[in-house]
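Everything below concerns the one structure shown next.
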Amino acid sequence: MSVQVVAAKMAEVELKDVPTGKDLPAESPVTPTSEGKNLPRNDPHEAGSAAAASPTAEPSAKAGEGGTGLLTPNPAKMPQASSMKRSDPQQNGGEAFVNRDGTVAEAPRMKKIQFADQKQEFNKRPSKIGRRSLSRSISQSSTDSYSSAASYTDSSDDETSPRDKQQKNSKGNGDFCIKNIKQADFGRREIEIAEQEMPALMALRKRAQGEKPLAGAKIVGCTHITAQTAVLMETLSALGAQCRWAACNIYSTQNEVAAALAEGGFSVFAWKGESEDDFWWCIDRCVNVEGWQPNMILDDGGDLTHWIYKKYPSMFKKIKGIVEESVTGVHRLYQLSKAGKLCVPAMNVNDSVTKQKFDNLYCCRESILDGLKRTTDVMFGGKQVVVCGYGEVGKGCCAALKAMGSIVYVTEIDPICALQACMDGFRLVKLTEVIRQVDIVITCTGNKNVVVRENLDRMKNGCIVCNMGHSNTEIDVGRLLNLSCSTVPTFVLSITATTQALALIELYNAPEGRYKQDVYLLPKKMDEYVASLHLPTFDAHLTELSDEQAKYLGLNKNGPFKPNYYRY
Amino acid sequence: MSEPVGEAKLEVKQASKEVKESENVAEKYSAMTVSKNSEITMGELSTVFSAVPTHKPVKKQIQFVEDKQEFSRFPTKAGRRSLSRSISQSSTDSYSSAASYTDSSDDETSPRDKTQVNSKGSSDFCVKNIKQAEFGRREIEIAEQDMSALISLRKRAQSEKPLAGAKIVGCTHITAQTAVLIETLVALGAQCRWTACNIYSTQNEVAAALSETGVAVFAWKGESEDDFWWCIDRCINTEGWQPNMILDDGGDLTHWMYKKYPNVFKKIRGIVEESVTGVHRLYQLSKAGKLCVPAMNVNDSVTKQKFDNLYCCRESILDGLKRTTDVMFGGKQVVVCGYGEVGKGCCAALKALGAIVYVTEIDPICALQACMDGFRVVKLNEVIRQVDVIITCTGNKNVVTRDQLDRMKNGCIVCNMGHSNTEIDVASLRTPELTWERVRSQVDHVIWPDGKRIILLAEGRLLNLSCSTVPTFVLSITATTQALALIELYNAPEGRYKQDVYLLPKKMDEYVASLHLATFDAHLTELSDEQAKYLGLNKNGPFKPNYYRY
């Protein structure tokens, strides 16, 4: 989420060296190459492609975008989001001391970490933005892995490129390329912490360990490489799969996690701060190896799929399936499919019910308050807020704000969503009707120029303008300060990772002919299973159908419980 | 509202048993559809609506009158259920203002034996008493005020007459709300012949008012089964007039035409069906390859579903409980069985009043939603001893068993917002050691030998129909959806619809919603050309892909 506050009020913030949205100073010590100027160009592009992904699907596009918007409004934004991340309350205290965005914070005290984060955030942003072209995954939870970006040793490390170094793990294996294998212990600790927050994956590991549903699977993956991803990879491995992994984003890799994975025998090719050349080199090293051919792909953004498709088309003959989790990647797959060029089954996990709800509704419901509080310390009670857009993201924002005692107005273009807003007790207005009186403007439409200069001119002094939706396109950024902040709880990441694991199992074990050369949604039953694995977190006790009841309803006792068109 | 009706009660019991069995198919089907919780069996329908008239102005009085009627009517209605298959909630709303003015004073001659002529000399109708037309007109005018969406549709489309040439034969509840729909169709250029889809739901004076204005209506309150089919037949089988559109509620009309007049059937441009059962029958026909015209399933349209289930139940759960028990909700422990649309509505309403709400679920996705909405997901047995209120809305059967009823605490309220009588095992309470005491209409105390009593509402039938109302606004959504479906099917270019069952196009669904926004003084934002292009959308919709979940 990016928060923009009308300049008048933001003077104090400016003192903090917050770069404005447009001209991001390249002060990142980490990556001196600032390409902040790319921002304006890239954003619209990304936005466009996202919108195109589901042209009519403002909702889902929005979902994706919104989600992304929130975290990775577009790839460009992703870095910001991630950098802003810190261990939020939802993540257990354990993680607290591993600062999510890469600052070293040994003390498990939230306060301290927050401060640390705050500083780093701005340093990192410019460079990350510059790299956006490589990070296309704009679905929210696909970016969560950012949360604990490498923190221990970055600054102290030598400047030699990992490509020029020869490293071996303690077993003498050198089939990996990471920053520093010696960081493995640190990484292991992070992974163990993440495991505690991802009980669903651990439960899956235990339940399926005996039958090894992925025995023989050779998975090549391209995702953010973080502690959460590591839990996923080790789960896949426990279920019988061999994995080779690269990063889908040049900045998101947690070096020590990559080290821990390499130490554990995974062929990982990733480090924080890759160049574009490094990026493709890593992907290539994953795929192109003697005596090993992947039969499954786990992709986030579609870059890996693209690379194999371009460079090693013959490899596709052995691929059993692709699992793709980002909006953009899914869009690319649908395009391939449309062109008749998709020669293996692919599974779109981005649109699974459980993941969508968590990426958008539940996540935004919390982060809108959190984001605004952290940036502005605003008090919500009695404030007049206008929320532009009443899709999943908008519904979440409205619910949270209403609960805090705000007076909430909604703008919508879709009459069905508009009617829902009415029935939920929100006044449906046009933005211009309330622009002079509101204290906060929140956009989450996935559209562009929802708030234009003319609107901004008429806002009252101190009005807070922020975007929960798509990138910078929603607000016609002019002289606004652009802060950005957001967290993705590990729980949301857990939903995503579990969904990915189940999709891999499903595709790998599907009998011949169940999936053709097309893009599929995750089967309802798997979707339900993801949810059920997360219920213990809430100490929730699911009721089981009796045989008699199941018969009466015409259902299988173990699901699926709803038809595909059920709306939840 | 406290009238113990001993005999009727007994009959009810038997009748409802019958309902249970015969409704099986529909239930099964419904359980698997989105609307699973919204169905109503006949019995409930009748009770509900008789209990709660919608004429706001004269509410109190009517309630009394109807309250009495309710029990005398019920058994027969339940017995008649085979004729009324529409079990989607809003298809029943028309009940709300069951004829009240003149019923008892009327003569006993069957309308079929009477010859009546309206003021224009036409006698092509068969209603109870054409002289009641003025009363009916008043009711229709009242209904019009609550159905502004249809009226505005009437205004917007009156000049282009999108239904010019349409000959619509309809079989729905005949109430003031339906009359507004019919007169809208007429205003848009259609000719209409109408019959009732339920032998008890007809408002005689409304039927009279329609007949007076020239709509051929064949319906009265209290038809026999023979009358019922005779009316349908009179609608279809007339000299020099062949229908080209069908508006059905329950599928009886479609069935009759399919059986008796297959040739007429072939000339039909389309069928609009609004009930779960009717839709189910259409899908069966289609599956068997016997559906020879396009049909539109309006039951599953987004707007209608939301209003039938979520919004309607959110209000009626409180209303129903208050009316029957005067319970105070704050701090009460409530368990809601099932977290579908109906369950979500109930939980939201109860939480807002400060109740402590538990949820039981079988579907992990819905269970997770409940968790994230702040409700404890439990098994019923875990909380059964401590809760003050139990609400079922699962669409399942025997969700609350005798064993659980035995363990409830004294004064526990048990009611059903879901499907029919099956959710609570009421039959298991009919044992000699338990005493039943009817304390009010719809409220039974079941007393255990040790003095413990539980409060059973509506004998386990649907609470919101038995003890609350379906707002005219919800009916307006349904009627508008039907009108738009008719317009769509009638005007669709050749080939757009094949011989299959379709959902209402998204754009129409959106239009239904947009017509109702005025009620809330809601101001919809319009896309600029630039924005529409950016999103790849048409400025006028549809705004969402079909799989969007809202």
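The values are calculated or read from the model by the stated rules, or taken from the named source; none is laboratory data. Fair warning: this is a prediction, and the values are worked out from it, not measured in the lab. When we count neighbours, we look across all protein chains shown, and the Cβ atoms used for this are built from the backbone with ideal geometry, even at glycine.
Some points to look at:
- The lone exception for B:G189 - which of (1) surrounded by fewer than 20 Cβ atoms within 10 Å (Cβ to Cβ); (2) at pLDDT below 95 it fails: (2)
- Selection within region A:326-347 - of a type outside the set (A, V, I, L, M, F, W, C) and in contact with a Lys or Arg (Cβ under 8 Å, 6 or more places away or on another chain): A:S326, A:T328, A:G329, A:P345
- Looking across A:Y529, A:Y515, A:Y568, A:Y552, one residue alone is in a loop (DSSP other than H, G, I, E, B), of a type outside the set (V, I, T) and at the interface with chain B (Cβ under 8 Å from one of its Cβ atoms). It is A:Y568.
- The set of residues in region B:130-180 being part of a loop (DSSP other than H, G, I, E, B), surrounded by fewer than 24 Cβ atoms within 10 Å (Cβ to Cβ) and among the polar types (S, T, N, Q) consists of B:Q158, B:S159.
- Applying the criterion of being within 27 Å of the chain's Cα centre (by Cα) and of a type in the set (S, T, Y) to the residues of region B:507-537, the residue that is surrounded by the fewest Cβ atoms within 10 Å (Cβ to Cβ) is B:T519.
- When each of A:T499, A:T487 is tested for being of a type in the set (V, I, T), under 23 Å from A:M198 (Cα atoms) and modelled with pLDDT under 95, the lone residue that passes is A:T487.
- Flag if B:E341 is surrounded by 19 or more Cβ atoms within 10 Å (Cβ to Cβ) and either under 23 Å from B:R407 (Cβ atoms) or touching a strand residue (DSSP E or B) at 6+ places or on another chain (Cβ under 6 Å) (or both): no
- Filtering region B:344-379 to residues that are among the basic types (K, R) and either at the interface with chain A (Cβ under 7 Å from one of its Cβ atoms) or within 21 Å of B:N396 (Cβ to Cβ) (or both) leaves B:K344, B:R376, B:K379.
- Restricting region A:418-430 to residues that are within 7 Å of chain B (Cβ to nearest Cβ) and among the hydrophobic types (A, V, I, L, M, F, W, C), the residue that is surrounded by the most Cβ atoms within 10 Å (Cβ to Cβ): A:L419
- From the options A:V438, A:V452, residue that is in contact (Cβ under 8 Å) with a residue 12 or more places away in the chain and either within 19 Å of B:Q531 (Cβ to Cβ) or at the interface with chain B (Cβ under 10 Å from one of its Cβ atoms) (or both): A:V452
- Residue match in region B:492-506 (condition: free of Cβ contacts under 8 Å to residues at least 40 places away in the same chain and part of a helix (DSSP H, G or I)): no
- From the list B:G330, B:G411, B:G418, the lone residue that is more than 25 Å from the chain's Cα centre (by Cα) and at pLDDT below 95 is B:G330.
- Subset of region A:362-417 that is in contact with a Phe, Trp or Tyr (Cβ under 8 Å, 6 or more places away or on another chain) and surrounded by fewer than 21 Cβ atoms within 10 Å (Cβ to Cβ) - its residue that is nearest to A:L493 (Cα to Cα): A:L369
- Counting only helices (runs of 4 or more DSSP H) that sit wholly inside region A:197-302, those with at least 1 residues that are surrounded by fewer than 22 Cβ atoms within 10 Å (Cβ to Cβ) are A:199-209, A:227-238, A:276-287.
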